[in-house]
Amino acid sequence: MKNTKCCLALLLGLFFVLPLSAEPQTVADFNTLVDQYFDFYFPLHPTEATSAGFHQYDPKLEDYSAAPQDQQIRGLKEFLAKFEAVDGSKLPADTSADREWIISSIHSGLLELENIQMWRKDPDHYTGAVTNSIFLIMKRNYAPPEERLRSAIERERQIPMALEYARQNLQNPPKIYTEIALEQLPGETDFFRKDVPEAFSAVKDPKLLADFKASTQGVIDAFANYQKYLQESVLPHANGDFRLGAENYRKKLLYDEMVDIPLDRLLAIGYDDLHRNQEALKKVAAEIDPKRSVQDVVGELQSQHPAPDRLLQAFRDTFGGLTQFIEEKKIVTIPPGEPPILEDTPPFERATTEASIDTPGAYETHDHKAFFNVTTPDPKWPLDRTEEWMKTFNNSMIPGTAIHEVYPGHFVEFLWVGKNPSKIRKLIFSGTNAEGWAHYCEQMMLDEGYGNGDPKLRLGQIEDALLRNARYIVGIQLHTGNMTLDQARQFFVQEGFQTAAVADVETKRGTADPTYLMYTLGKLQILKLRGDYRKMRGNDFSLLEFHNRLMEQGGVPLRIIRRAILGNDSPTL
């Protein structure tokens, strides 16, 4: 779409200009309502406010008692009525789409609070969230360390009560959720014992440090008591059901992703893509070594990986080649921004995460550092477990993970978000948009010539695609009652060609992240959109233009993006 900055500015200006039929006062009133909504939302979710860059909420922690849940429900219903009362036909197309998206997002919030209720089911919902609330304050230098430490102390003082509310709220949690919480807790406790004090080592004020020591010890003690409570009082009787059920699953997809495709058709689409990738894997494996089985070829490649202490550097070494390729091949415009800092995954995410990108909030003004998190093996692990884990980061898959998380995946999309004028598109992101784009990039970059046709890189890309295919199918089947946890683990290994260690992590993740089909679902929607746009543009089609147009849409679902780019409401799949 844009080959120069001048052209970019011109086109962005054209895209967001009000059509003659729009009423400026209506737009102003809508924007005021949006501000009022977030002024209601963020005081109830201060950790999310910190993440977004609104630091006036930093000293607060979420009130985890039952009463605020009812307050949220009432407030969401009031705002839902207000947004639904706005006449979308009197708004410009992009603002009308924002109205659709925020209405869908509010429905999603109500579904969670009234039907799914993870706050009643998941013990890790509490410890993971409060740990993250401190991590967000300590990881970026958006204010002097003394100021940030005061906020951290205030939040830490509220954590013991948050865990008391957890005991009151939890109602027969599923065993798998309780096991995940117990797996995470030692790392989270060590985080408060070691990482948090180190993060504020520059602070010298004796009174502040004494308060900090006391508040941190209070958290450590509360975590120890909570861990004992889960181990002795909850785990022996934890037999709740993690499954959403078909109707809640359908609604969650509709509200989170604006996807209304029936579940049976979604499954058929997922299986079709799984089988395509399985055939592609066989073909590429035969190119590498026609005398060996697919499993043997994949196993051999998985054994070729960096030493554990060289893992982060192996990722770092890919950045230069990726950015050079993107520029030379005119893949997508990369807005200015410092590359992310590589570091180990935070302890509260290690049990269910292999790699992730952590970008600053869209409204962060003082510290724009981004972090590329990779889960390195725990030094306390036995050698065989470390080796099994390192197969996840073999040499054929490291470039694909870097593509997904950084260039041109999540990190590049984050850089584009900062340019978007819509508050809604900055703050509410669709998973099929974000994860679909990143997963699409893994294949697209190789299709465009990255790696010079190296079959080992292609095998790694397909293996990653099969991982996402397995997530797609397992998520639906687990939550509609058609697959057990053991069957899910077997599916990841046998159909997705994953290691047993990955299969275990991915199955556990799927119990609490039911719509992690969004990777493949979003990728397939983008591929269809690209094909339809290519037909529409003919000889004028440009991959750079298409990708830039995709990026400038912000966080909305592919249904809205499709309408903006093609000018119609044709099916996304």
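The values are calculated or read from the model by the stated rules, or taken from the named source; none is laboratory data. Just so it is clear, the structure is predicted and the values come from calculations on it, not from any experiment. Cβ placement follows ideal geometry from the backbone for every residue including glycine, while neighbour counts extend to all protein chains displayed.
Hey, can you tell me all the residues within region 158-198 that are among the hydroxyl-bearing types (S, T, Y) and farther than 16 Å from P346 by Cβ? Before you say what the answer is, go through the steps one by one.
Narrowing region 158-198 to residues among the hydroxyl-bearing types (S, T, Y): 165, 177-178, 189.
Correct list: Y165, Y177, T178.
Rundown of residues vs (1) at pLDDT 95 or above; (2) more than 20 Å from G128 (Cα to Cα); (3) of a type in the set (S, T, N, Q); (4) in contact with a His (Cβ under 7 Å, 6 or more places away or on another chain), yes/no style:
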residue: K194; (1), (2), (3), (4): no, no, no, no
residue: F200; (1), (2), (3), (4): yes, yes, no, no
residue: L208; (1), (2), (3), (4): yes, yes, no, no
residue: D211; (1), (2), (3), (4): yes, yes, no, no
residue: T216; (1), (2), (3), (4): yes, no, yes, no
residue: N225; (1), (2), (3), (4): yes, no, yes, no
residue: V234; (1), (2), (3), (4): yes, no, no, no
residue: D241; (1), (2), (3), (4): yes, yes, no, no
residue: Y249; (1), (2), (3), (4): yes, yes, no, yes
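Looking only at region 217-270, which residues are without any contact (Cβ under 8 Å) to a residue 24 or more places away in the chain and either farther than 29 Å from D98 by Cα or part of a helix (DSSP H, G or I) (or both)? Explain how you work it out, then say what you get.
Here is the first cut: in region 217-270, the ones without any contact (Cβ under 8 Å) to a residue 24 or more places away in the chain are 217, 228, 232-233, 236, 247, 250, 260, 262, 264-265, 268.
Q217, K228, E232, S233, P236, E247, R250, D264, R265, A268 - these are the residues of region 217-270 that are without any contact (Cβ under 8 Å) to a residue 24 or more places away in the chain and either farther than 29 Å from D98 by Cα or part of a helix (DSSP H, G or I) (or both).
May I ask you to verify whether N225 is surrounded by fewer than 16 Cβ atoms within 10 Å (Cβ to Cβ) and either under 29 Å from the mean Cα position of the chain (by Cα) or under 30 Å from R148 (Cα atoms) (or both)?
Numbers: surrounded by fewer than 16 Cβ atoms within 10 Å (Cβ to Cβ): yes; either under 29 Å from the mean Cα position of the chain (by Cα) or under 30 Å from R148 (Cα atoms) (or both): yes.
It is true that N225 is surrounded by fewer than 16 Cβ atoms within 10 Å (Cβ to Cβ) and either under 29 Å from the mean Cα position of the chain (by Cα) or under 30 Å from R148 (Cα atoms) (or both).
Please determine, by comparing only the residues of region 522-547 that are under 29 Å from the mean Cα position of the chain (by Cα) and among the aromatic types (F, W, Y), which one is farthest from I261 (Cα to Cα).
F546
Can you find even one residue in region 384-391 that is closer than 30 Å to P92 by Cα and either assigned to a loop (DSSP other than H, G, I, E, B) or modelled with pLDDT of 90 or more (or both)? I'd like the intermediate steps shown before the answer.
Initially, region 384-391 is screened for residues closer than 30 Å to P92 by Cα, giving none.
No; the residues of region 384-391 include none that is closer than 30 Å to P92 by Cα and either assigned to a loop (DSSP other than H, G, I, E, B) or modelled with pLDDT of 90 or more (or both).
Does region 273-292 hold any residues that are loosely packed, with under 12 Cβ neighbours inside 10 Å and farther than 14 Å from P455 by Cα, and which are they?
At the first step, the residues of region 273-292 found to be loosely packed, with under 12 Cβ neighbours inside 10 Å are 279, 290-291.
Residues satisfying the conditions are E279, K291.
Since R310 meets every condition but one in (1) under 26 Å from D195 (Cβ atoms); (2) part of a helix (DSSP H, G or I); (3) touching a residue at least 40 places away in the same chain (Cβ under 8 Å); (4) not aromatic (F, W, Y), which condition does it not meet?
Among (1) under 26 Å from D195 (Cβ atoms); (2) part of a helix (DSSP H, G or I); (3) touching a residue at least 40 places away in the same chain (Cβ under 8 Å); (4) not aromatic (F, W, Y), the lone unmet condition for R310 is (3).
With respect to R276, is the statement that it is modelled with pLDDT under 95, part of a helix (DSSP H, G or I) and in the same structural domain as N395 (by TED's automatic domain parsing) true?
Details: modelled with pLDDT under 95: no; part of a helix (DSSP H, G or I): yes; in the same structural domain as N395 (by TED's automatic domain parsing): yes.
Judged against the criteria, R276 is not a match.
Let me spell it out: the conditions are (1) modelled with pLDDT of 95 or more; (2) under 30 Å from N31 (Cβ atoms), and N420 meets all of them except one. Which number is the exception?
(1)
Looking only at region 464-495, which residues are among the small types (G, A, S) and touching a residue at least 40 places away in the same chain (Cβ under 8 Å)?
Going residue by residue through region 464-495, those that are among the small types (G, A, S) are 465, 470, 475, 481, 488.
A465, A470, G475, G481, listed by residue number.
For a quick check of your reading of the model, give me the residue pairs whose first member lies in region 350-376 and is over 27 Å from L185 (Cβ atoms), whose second is surrounded by 18 or more Cβ atoms within 10 Å (Cβ to Cβ) and among the β-branched types (V, I, T), with beta-carbon atoms closer than 6 Å and at least 6 apart or on different chains.
A362/V417; A370/T359
Yes or no: E338 of a type outside the set (S, T, N, Q), within 23 Å of the chain's Cα centre (by Cα) and exposed (fewer than 12 other Cβ atoms within 10 Å of the Cβ)?
yes
How do the helices (runs of 4 or more DSSP H) wholly within region 78-172 filter down when requiring 1 or more residues that are under 19 Å from A52 (Cα atoms), modelled with pLDDT of 95 or more and among the aromatic types (F, W, Y): which remain?
Values: elements: 93-111, 118-121, 124-138, 145-169.
Because the criterion is at least 1 residues that are under 19 Å from A52 (Cα atoms), modelled with pLDDT of 95 or more and among the aromatic types (F, W, Y), the helices (runs of 4 or more DSSP H) in region 78-172 that meet it are 93-111.
Quick check on this structure: which one of P290, P335 is assigned to a loop (DSSP other than H, G, I, E, B) and farther than 30 Å from E552 by Cα? Explain how you work it out, then say what you get.
Details: P335 fails: farther than 30 Å from E552 by Cα.
Of P290, P335, the one residue that is assigned to a loop (DSSP other than H, G, I, E, B) and farther than 30 Å from E552 by Cα is P290.
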